[in-house]
1. List the number of the failed condition for Thr67; all other conditions in (1) over 15 Å from the mean Cα position of the chain (by Cα); (2) modelled with pLDDT of 90 or more hold.
2. Criterion first (in contact with a Pro (Cβ under 7 Å, 6 or more places away or on another chain), under 20 Å from Tyr61 (Cα atoms) and surrounded by 12 or more Cβ atoms within 10 Å (Cβ to Cβ)) does Ser17 satisfy it?
3. Within segment 68-82, track down each residue that is part of a strand (DSSP E or B), in contact with a Ser or Thr (Cβ under 8 Å, 6 or more places away or on another chain) and among the aliphatic types (A, V, I, L, M).
4. Please note which strands (runs of 3 or more DSSP E) are completely contained in segment 2-67 and include at least 2 residues that are charged (D, E, K, R) and either touching a residue at least 24 places away in the same chain (Cβ under 8 Å) or over 20 Å from Leu82 (Cα atoms) (or both).
5. May I ask you to say which residue of Phe66, Phe22, Phe72 is among the aromatic types (Phe, Trp, Tyr) and either within 16 Å of Phe3 (Cβ to Cβ) or out of contact with any strand residue (DSSP E or B) (no Cβ under 9 Å at 6 or more places or on another chain) (or both)?
Amino acid sequence: MRFLRFNFDHPFKGKASIMQLFAVNPVIKNILVDSQLSNLVEIPIHDCRSGKWRITLDWNYDGRAFTHQEDFEVLKKKRVLL
């Protein structure tokens with residue numbers, strides 16, 4: 001299985017949204033994520049079609065709201081470029 005991996009300075013509990021870019025009918029996936037005691041977040045992307053995608057992570061920590069957004073590409077050979 002393939003994942004996007006993010007390593008945080010603290011445990012992560014929040015939402016990941018994955019959206020296909022430049023598509024007529026874009027695929028949008030929403031995932032609730034809880035790293036529990038770990039600082040590592042793994043978002044599965046094994047079922048993402050080839051093309052360009054955007055991931056947005058939203059979470060709260062220590063009373064503050066955070067957002068991280070990053071574009072990535074899934075190639076036909078199932079490789080990912082960040």
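The values are calculated or read from the model by the stated rules, or taken from the named source; none is laboratory data. Given the structure is predicted, the values throughout are model-derived calculations rather than measurements. Virtual Cβ from ideal backbone geometry, glycine too; neighbours counted across all protein chains shown.
1. Condition not satisfied by Thr67: (1).
2. On the way: in contact with a Pro (Cβ under 7 Å, 6 or more places away or on another chain): no; under 20 Å from Tyr61 (Cα atoms): yes; surrounded by 12 or more Cβ atoms within 10 Å (Cβ to Cβ): yes.
No: the conditions fail for Ser17.
3. Matches in segment 68-82: Val74 only.
4. Values: elements: 3-7, 13-20, 28-34, 40-44, 51-61.
By residue number, 13-20, 51-61.
5. Details: Phe66 fails: either within 16 Å of Phe3 (Cβ to Cβ) or out of contact with any strand residue (DSSP E or B) (no Cβ under 9 Å at 6 or more places or on another chain) (or both); Phe22 fails: either within 16 Å of Phe3 (Cβ to Cβ) or out of contact with any strand residue (DSSP E or B) (no Cβ under 9 Å at 6 or more places or on another chain) (or both).
Within the list Phe66, Phe22, Phe72, the selection yields Phe72.
Okay, residues lined up against (1) on the phi > 0 side of the Ramachandran plot; (2) among the charged types (D, E, K, R); (3) exposed (fewer than 12 other Cβ atoms within 10 Å of the Cβ):
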site	(1), (2), (3)
Ala23	no, no, no
Ser38	no, no, no
Cys48	no, no, no
Arg54	no, yes, no
Asp58	no, yes, no
Asp62	yes, yes, yes
Thr67	no, no, yes
